[in-house]
Amino acid sequence: MRLRTVLHRRFHDEHGTAFVYVTPSAAILALDGLAGQLVAGFDVPDGVDDADFVAQHADPAEARRALGDLVDLGVIRPVDEVRPPAAQLPPMPFPLATLVLNVTNKCNLSCTYCYEYGADKIATPAAPGEKRVSRMTEDTARQSIDFLLRSSAERPQVSITFFGGETLLNFPAIRAAVDYAEQQAKAVRKRVHYSLTTNATLLTDEVIDFLTTHRFGITISIDGDAGEQDRHRVWKSGAGSFADMEPRIRKLIATNKERKGRPIGARVTVTRGAKSVIDTYRFLTGDLGFDEVGFAPVTAGPDRTWALGDQGYENLLAEFSTLAEDYVAAAAAGRAHGFANLGDLLRELHQGIHKAHPCGAGLGLLGVSTEGELGLCHRFVESKDHALGSVRKGLDEGKRTAFLEQAHVDHKTDCRVCFAKPLCAGGCYHEAHVRYGDATRANLHYCEWIRGFVDLGLKTYARILRANPKFFARYESS
Amino acid sequence: MKHILPLNQKARRLWAMVAQSRQQAVALTQDPPPTEYPFGCTTIFAPGWEVDSSGGTNGLCQPIERDLYDCYHTCYWPAQVPDGVTNAPSWTASCGAPMNDWKSIDLVFP
Ligand code: SF4
Ligand code: SF4
């Protein structure tokens, strides 16, 4: 019978041990010399005859045995094996887990790269005479809570994320939503988890007290030290914002630590010409005291001056791998490390996550506009083309299902042959929309970078397992 | 599995599944495991009327007498054994020690 190695990625650690990441199952296996030979030897498009291969091997009995194991584990399979039908959607309507409330689309800063206002915005412009609501009313916030609770089926816990614009410009809506959610959730015996993203400029003592009391998961958009922050994150006057936010961030982090709150994360937008992420990471965790730092390359058309060019992505990957060294050292000592991008990837690798869709948008997560309209996620809510109903009238299930079907990774031709598919699944819909004008397209401009990052994750995973085999137990679910 | 080590959670689960299905396959090719038959009745078509190569019942895989008598006396197993409850109350009267004189049990014609 002709057998062939399925889609996979082989890699080695510094001791020469071979590993394989098996794409169809998302399993990670360590291979000895013989198993490594088999996985490589059968990696031929037309396959290899198993009897011939075994007969020619120095130790046919062992080769046959190892081959049997690899076949049963789904690493090497018959060439003509019928593929299972393209993965389907989970039973719809899929219960909601998270609602992102755009409580305002106004901002007090004028970051040059912002997609909300800049040339890359996707908001449908207001028709002449049409009046748009730029702040969510407390009523709409409460209706959103009702919508979430009734759309979450049996889930014992739901999440509400507040987003903007600058979220804290509409603190009254946040407070109204939280008070109402506490009361309503109790009635239906669900737990609610809150989170918010803010630029920190409006963190007053009152706000800090409120957020830490309700155990918010807080993410602060900050690009680094004063020099970094003030390059793009500026007031309308053009002046940098660092000096205004720094003391507020310190106060928030101190209060949160005192109250043993959830980890506070920094979200750094990486633009062309930015300082190395290593310096930025050290500053944000070491100096300011953040628990986690996540880096996101700016979403922008390629001709924007702040867009990362190919060279920028390559540098970013090199810097990520330097930061990964820190991660390995911390993990070896049994300590958590705050490099959020890598931490998330390692968790997904360990669990063997296999995504049919890149993110929860439209599936377990929806965005709500200031007016109460539903969108795929917070980035889509101002776009009428992507509207999916409203919190009052309910979700347009037909449109939702149609989108998810079309956005399924099996419909993205290039992704079908990509080893990183279980983790990437084509990438962010919003990014694809900005790049290609079609949210269901694969982000092919990203592939090199994604695959490079997954390679880094795989190598790091193997190194940590050797240094501290118990480290990943923290990610295990039954 | 001596050449491959499953590392992540997914791989470990997969391997557990493979190992389990192999165990089941092996079990089918071996002698059936000793089964605990409920006393007085049985759910399989156990030998009840056969003899071993020497014409006796000692070599059979289980004491047929147990089936014979228990089904006859207590639980009425109509397909194989005349029922002693209503139709053939004196069926085994001619047989005092079935290990030796089972041949004296006669056929029953309904
Ligand atoms: S977008 Fe690129 S990296 Fe992502 S799954 Fe598709 S082909 Fe792979
Ligand atoms: S579509 Fe993009 S921005 Fe929206 S939730 Fe998914 S990854 Fe995030």
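FYI, it's all coordinate maths here, none of it is from the lab. Keep in mind that what you see is a predicted model, and the values were worked out from it rather than measured. FYI the Cβ positions are ideal-geometry reconstructions off the backbone, even for glycines, and counts take in every protein chain you see.
Here are the numbers for the structure shown:
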quantity: Meets criteria (more than 14 Å from chain B (Cβ to nearest Cβ), away from ligand 1 (no atom under 16 Å from the Cβ) and not in a loop (DSSP other than H, G, I, E, B)) for A:Glu325; calculated: yes
quantity: Wholly within region A:1-67, strands (runs of 3 or more DSSP E) carrying at least 2 residues that are crowded, with 19+ Cβ neighbours inside 10 Å and touching a residue at least 40 places away in the same chain (Cβ under 8 Å); calculated: A:2-5, A:18-22, A:27-31
quantity: Selection within region A:428-466 - more than 17 Å from A:Leu342 (Cα to Cα) and more than 16 Å from ligand 1 (Cβ to nearest atom); calculated: A:Gly437, A:Arg466
quantity: Residue check, A:Lys412 in contact (Cβ under 8 Å) with a residue 40 or more places away in the chain, basic (Lys, Arg) and within 16 Å of ligand 1 (Cβ to nearest atom); calculated: no
quantity: Residues (of a type in the set (D, E, K, R) and touching a Ser or Thr at 6+ places or on another chain (Cβ under 9 Å)) located in region A:169-191; calculated: A:Lys190
quantity: Subset of region A:328-366 that is out of contact with any helix residue (DSSP H, G or I) (no Cβ under 8 Å at 6 or more places or on another chain) and in a loop (DSSP other than H, G, I, E, B) - its residue that is nearest to ligand 2 (Cβ to nearest atom); calculated: A:Gly360
quantity: A:Gly74 vs. criteria in a loop (DSSP other than H, G, I, E, B) and within 14 Å of chain B (Cβ to nearest Cβ); calculated: yes
quantity: Residue check, A:Ala63 under 17 Å from B:Ile4 (Cα atoms) and more than 9 Å from chain B (Cβ to nearest Cβ); calculated: yes
quantity: Qualifying position, being assigned to a helix (DSSP H, G or I) and among the charged types (D, E, K, R), among A:Lys275, A:Lys251, A:Lys260; calculated: A:Lys251
quantity: Residue in region A:79-102 that is more than 16 Å from ligand 1 (Cβ to nearest atom) and within 14 Å of chain B (Cβ to nearest Cβ) present; calculated: no
quantity: Residues of region A:349-395 satisfying the condition of being within 14 Å of chain B (Cβ to nearest Cβ) and away from ligand 1 (no atom under 16 Å from the Cβ); calculated: A:His350, A:Gln351, A:Gly352
quantity: Test: A:Ala153 is in a loop (DSSP other than H, G, I, E, B) and within 22 Å of A:Cys111 (Cα to Cα); calculated: no
quantity: Within region A:142-176, considering residues that are buried (at least 23 other Cβ atoms within 10 Å of the Cβ) and more than 25 Å from the chain's Cα centre (by Cα), the one nearest to A:Gly372 (Cα to Cα); calculated: A:Ala173
quantity: Tabulated pairs, region A:452-478, first more than 10 Å from chain B (Cβ to nearest Cβ), second surrounded by fewer than 20 Cβ atoms within 10 Å (Cβ to Cβ) and among the small types (Gly, Ala, Ser), C-beta under 6 angstrom, 6+ apart or interchain; calculated: A:Leu456/A:Ser321; A:Ala467/A:Ala332; A:Asn468/A:Ala332
quantity: Single condition A:Val188 does not satisfy, out of (1) surrounded by fewer than 21 Cβ atoms within 10 Å (Cβ to Cβ); (2) in contact with a His (Cβ under 8 Å, 6 or more places away or on another chain); calculated: (2)
quantity: Test for A:Ala243: is it in contact (Cβ under 8 Å) with a residue 12 or more places away in the chain, small (Gly, Ala, Ser) and surrounded by fewer than 19 Cβ atoms within 10 Å (Cβ to Cβ); calculated: yes
